[in-house]
Structure formats: C-alpha cells, structure tokens
Amino acid sequence: MTKKKRPLIKAPPDRQEGPLLVPGFSAAGIHGGIKKSRRRDLALIVSDPPARVAGVFTQNHVKAAPVLISRTRVRSGPCKAVLVNSGNANACTGDPGLKDAIGLCQRTARGLAVDEHSVLVASTGHIGERLPVARIRTALPRLLREVRPGGILDAAEAIRTTDRFRKVLWSRSQVGGEPVTLCGIAKGAGMIRPNMATMLAFFLTDLKAPTTTLRRLLQEGTERSFDRISVDGDMSTNDTVLLLANGRSRNRSARVGSAEYEAFASLLFPMMSELAAMIVRDGEGATKAVDIQVRGARSDKDANVLAYHLANSPLVKTSFYGQDPNWGRLMAALGSAGPWVHPQKIDIFYDRVCLVRNGVGLGKKKTAQAGRVLQKQAFTVTIDLHVGTGSARVLTSDLTHDYVTLNASYPS
C-alpha cells in the first residue's frame, strides 16, 4: 500500500498590506533568457535619488562574483540600482565570472546614466556556470523600460529559484513625526544556514539616516531574524541582504540611539523576522515549521550551538516529518553537540506538553499528547537545561522525501 503523501506547508497569501510603493523607488522583473522555463529571472531595483546602503553577505569562504563586487561597492558610496538574476549563481566562475558581472553593471549604469560603481549586483541559482551574458545584454533595454514604481512584485517574482511563493512585505509608520515607508522582498528555500546572512533579501525605504545607522540596523536585524533560521544546515555562496534608504522622507535623521532609530527599528525588525519565517515555511519539501527554543544553558553561546545542532540534525528533523515524539533523538543530539549538559536536569516540551522531566520520559499519555502537537504544521520544541541562564532560538523545518528528491535532481 502506497503511503499517502503529506501536503507541503500551505503558501501564505500575499501580505503586502499596502500598495508596495516606496517614494523614490521603482523596479521591474522580466524573463531575461536565463531560465529555460521562461519564468521571470532578471530584476532591477532603482532609487531616485541614489540611496545610502548597508549590506551583509555570506561568510562562506567560497563567494560568488556578485558578492565580491557588491561587498566592495556598499562601502564606497550611494547606490542607484541593484541588478539581480535567478537561475545562475555566477559562483566558481573565476575571473570571467567577475568580468561578466562587472560588464552587466556597466551596461545597466549606462542605461541609467549613472556611475557604474553605484550599481550593485546579486545572483542566485546553479553554481559553476557562467551567466548567459549575451541573452542578458539583449534583455537589459527591455528591463530598463519596464522599471516603474509598482514593479516590486515582478522583481520579487524574478528572484525566485525553488521558492514556491514570492516573499513580499510592505509597511508604513511615523518616524520623527513624518511618515516613513518600508518594503522588503526575499527569496530562499534551500541552502539555508546563516552566518551573518542567508538567501537574498532587499529592503527599500525612504528613511533619512546616515550609513552608520543603516549598518547598525541591518546587523542587529539580521541577528534577530535571518541568523535565527535553518532549513538544511548548508550555507550558500551568494547570500546577500541589502538595506537601501534614499532619504525622501522629511523625518529627522535617524541616528544610532535616537528615538527615530528605535521607531524605524520597530518597523524593520518585525518585517525581517516575518520574511525569515516565510523562508522556513517555504523550506524545500517542508511540511513543518518548528521553533526550537533552548533555555537554561550555561551561556547564550552554548544555547545557540545546541539549538542549531538540534535544528540541523537529520534524525531530529525526520522525527518531525514522521510526527514521532521521539525525544531520545533530542537527548542524543544535545549530548553530542559539544556544550556541557546535565542529562538528569533536562526538560523537553512540545508546545506546552512536557514529555521529559529531569531527563526521564513521562509516559504514554504525554507521548500521545506530544504526537498530536507534531501533527500541526507549526509548533515549538522547548529544551530547558537548568544549568544556567543562557537561551537561544532557531526556526527550522522538517526533512522530507521531497527535499531529497528535489536536491537529488537539482541540475548541475
């Protein structure tokens, strides 16, 4: 008898919560000849006036050409545009790959009549192949023509790879007595294991703020959001997160420590966390989104190591998929992670169901209750170590047949 296939996590409805318009920003997304499917694969984001920019990038020692270029350019001055493609990572392509990316930035800059160093670039997709530069060059004039204030949805569509749905959020609030608008788009479903950043994400705002403020905001926001998720424990070569602020709002300049800083942070940080959660829910083949919380560790650092060890353990993740409250998997993973734990002090909860107290299981009734928790698409696993005050949390997904199938057949 064939086992019935479990449904993937349902794609959430678009949550734009607004017209997606950010003063001074426009965008476009088209099919540029990269993907054989003819899906959109080339995006452009443009700011008028040029925006101050902050970025965080992958810490993988193998960095794609666009990361090397953009990481340098965010330090040098304002950003006029971001050119993004999906379907090809332009990674492990050597000097030719660098020249390809720089050449496309130059053509984009000429089309916009701006300095080429004000054009950033990002790519995502297959590793080890050069970009189809001739096709992209042919598509660039059309991409430039289609740039419009309401084009961010097309851009969000164009940056997708294995994503099942586009990830877009929009919000507006008062900062320094003036309205400030923020829009964020992201892509990501696999190779999700952050270390500074993961996947691609772009945040656009009309906030008036110095670059030092943007850097602090992005760093703090990333640590709270994209550094708190894992799908498969693998770090990409292309991870890029950018925050662009063009200063079109008349707010008092948001400086670090000011009321304006805090007001904008209350707008930005929840959006970053929600986009990060969308990535976990869209994890390749995922049927579960699991919030792993470790508390009572000797330090926050220990708690972080333990939480990620649980989040990336194949045995733990497959138990989530199997809806099996096999708490022995959790105990074994905790003991092998590295930081010291006292097994006779460990409590384990599935949502509010305490299944393990002082390192000992609480019987069949609690196991059945925990099993019902595991039938949900989203739940929390809490580990209380009772050896200190350190804590950490990581959002993760389960490990499924579909994940293996998708990645086994992912083209090289």
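Every number in this text was worked out from the coordinates using simple rules, so none of it is lab data. Computed from a prediction, not measured in an experiment: that's the story for all the values here. Note: ideal-geometry Cβ built from the backbone for every residue, glycine included; neighbour counts use all protein chains shown.
Below are the figures for this structure:
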read-out: For the chain, the fraction of alpha-carbon pairs in successive 10 Å shells from zero, as %; value: 5, 22, 29, 23, 14, 5, 1, 0
read-out: DSSP beta bridges in region 7-137 [antiparallel fraction, %, rounded to 5]; value: 60 percent
read-out: Dipole of region 25-281, positive direction: furthest Cα of MET272, ALA122, LEU140, with charges on the beta-carbon; value: LEU140
read-out: R0 of 45 Å, Cβ-Cβ distance SER258-ARG393: FRET efficiency to nearest 0.05; value: 0.95
read-out: Only Lys, Arg (+1) and Asp, Glu (-1) charged, at Cβ; the chain dipole about Cα centre in debye; value: 640 debye
read-out: For the chain, calculated [θ]222 nm from helices alone, where every DSSP H run of n ≥ 4 adds -39500 (n - 2.57); value: -10500 deg cm²/dmol
read-out: Formal net charge of residues neighbouring GLY94 (Cβ-Cβ distance under 11 Å; K, R +1; D, E -1); value: 0
read-out: Fully extended contour minus Cα-Cα distance, from SER336 to GLU220, at 0.36 nm per residue; value: 38.8 nm
read-out: Most positive-pole-ward Cα, ALA28, ILE229, ALA254, against dipole of region 25-281 from beta carbon charges; value: ALA28
read-out: Within region 376-398, backbone nitrogen closer than 16 Å to the virtual label 7 Å beyond the Cα of ARG352 toward Cβ; value: 379-382
read-out: FRET efficiency estimate (nearest 0.05) - Cβ-Cβ, ARG250 to ALA113, R0 45 angstrom; value: 0.95
read-out: Potential extension, ARG71-ASP95 segment - 0.36 nm per residue separation minus Cα distance; value: 7.0 nm
read-out: Separation of the SER37 and ARG298 label points, Cα + 7 Å toward Cβ, nm; value: 4.8 nm
read-out: Region 25-281: antiparallel DSSP beta bridges as a percent of all, rounded to 5; value: 70 percent
